[in-house]
Amino acid sequence: MSNVVPRRPLGLTGLEVSIIGLGALEIGRDWAADVDPHPQHLSESEAVSFIHQVLDLGINLIDTAPAYWYSEEFLGKALRGRRHEVILATKVGEHCDRTGSHYDYSYEATLNFIDDSLRRLQTDYVDLIQIHSASIEVLERGETLAALQKAKEAGKARHIGMTGGVRECARALEIGGYETVQLPYNLLNTAAEDHVFPLAQCRNAGVLIMRGLAGGKLTSKYKNLADESLKSKIASFEKFLCEGKQTDLAHLAIGYILASPVVSSVLVGTRKIGHLKKSIAAALDPLPSRLVEELRKHAAAINLSVW
């Protein structure tokens, strides 16, 4: 399957990103306990091997963060000799370890975040630096953006973006200065279609999608959920598995997201290479436009926003 993953422009950055990217949270941090009763991040050697397999599949976009425990450190070791193959994105503003998360969006802290990430990643620059979970207040204050711009001028980051909810991403695009936005968008939460995508298209911003599978809920793992009402609503999407090629919920979910031309890439958060292969297979098999419209209507009808 090497080098078959199609690429799309990341806004006006000049970068071309694989339409399936890796969200590198789970390689370094325990996650998704609601659908996985035994979440456990990879060991260093497992992470290095996994990242090499990811690159061999043709995925060229990897998104990490200081909040992902050992993720940056593992990536730094894995990308020795292969840094040129990767569009590498990380974040500022949140640090997390086993004691919990710590936030600081100040100017000086932002510059320190970047320097620390470069050290862990063993690189002189990142392709995309993003504010992690930016609030409206952080965006309005502008202090973090100013620090990111300084880092860009110094050559430590090539492009600037932010991650957050629909409201925050829309505000960032209105303010300007952000070349990309990263936000949740999936069959359980389609608000981005109305509130962010038109703005992104107007401003030619790159759009990265996180939680495209709703943290594993749009896979067979949804059956592990304790919330019976939520399980029933998610199960209702299975009635659309009647087109012959769409084999599971994840296939529908990935296909639905990539049906939007505004989307640059879907970041799949996983520590298993098989999950990425399935996501790539789904990306290579676009949904019929009729099915996309049926899914959109059903998503609106059940009126569910998990994220």
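Taken together, the values in this text are just the output of simple stated rules run on the coordinates, not laboratory data. Note that the coordinates shown come from a computational prediction; the quantities given were computed from them, not determined experimentally. Note: ideal-geometry Cβ built from the backbone for every residue, glycine included; neighbour counts use all protein chains shown.
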**Item:** Surface/4 of the Cα convex hull for segment 1-108, nm²
**Value:** 8.7
**Complete:** Nearest-0.05 FRET efficiency for Glu153 and Lys223 at R0 = 51 Å, using Cβ-Cβ distance, is 0.50
**Prompt:** How far is helix 143-153 tilted, in degrees, relative to the longest principal axis of the Cα atoms in the chain, given as a value from 0 to 90 rounded to the nearest 10?
**Reply:** 70
**Prompt:** For Ser260, what is the net charge nearby, where nearby means another residue's Cβ is under 13 Å from its Cβ and Lys, Arg count +1, Asp, Glu -1?
**Reply:** -1
**Prompt:** When the convex hull of the C-alpha atoms of the chain is computed, what volume per residue in Å³ does it have?
**Reply:** 123
**Item:** Glu143 versus Glu193: modelled label distance in nm, points set 7 Å from Cα along the beta carbon direction
**Value:** 3.9
**Complete:** Across all Cα atoms of segment 133-220, Rg and the largest Cα-Cα distance (Dmax), in Å, are 13.8, 46
**Request:** Please list, or write none, the lysines whose alpha carbon is within less than 27 Å of the alpha carbon of Lys156, excluding same-chain residues fewer than 8 places away.
**Result:** Lys77, Lys91
**Request:** Arrange the peptides 142-152, 224-234 so that the one whose residues have, on average, the most other Cβ atoms within 10 Å appears first.
**Result:** 142-152, 224-234
**Request:** With θ set to phi - 60°, apply the Karplus curve 6.51 cos²θ - 1.76 cosθ + 1.60 along segment 170-186 and write out the HN-Hα couplings as whole Hz, x wherever there is a Gly or Pro.
**Result:** 4, 5, 4, 5, 5, 5, x, x, 9, 7, 9, 10, 10, 8, x, 7, 6
**Asked** What spacing in nm lies between the two simple spin-label points modelled at Glu46 and Lys231, each 7 Å away from Cα in the Cβ direction?
**Response** 2.7
**Message:** Can you give me the Rg/Rh ratio for segment 149-307, using Cα atoms for both radii and the Kirkwood formula for Rh?
**Reply:** 1.00
**Request:** Enter the angle in degrees (range 0 to 90, nearest 10) between the Cα long axis of helix 44-56 and the first principal axis of the Cα atoms of the chain, meaning the one along which they spread out most.
**Result:** 70
**Message:** Give the aspartates and glutamates whose C-alpha is closer than 18 Å to that of Lys278, dropping any in the same chain fewer than 8 places away, or say none.
**Reply:** Glu26, Asp56, Glu238, Glu243, Asp248
**Prompt:** Cα extents of segment 219-272 along the three principal axes, largest first, in whole Å?
**Reply:** 34, 29, 21
**Message:** With every atom except the alpha carbons ignored, what do you get for Rg and Dmax of segment 246-307, in angstroms?
**Reply:** 12.2, 34
**Complete:** segment 80-238: Kirkwood hydrodynamic radius (Cα pairs, Å) comes out at 17.1
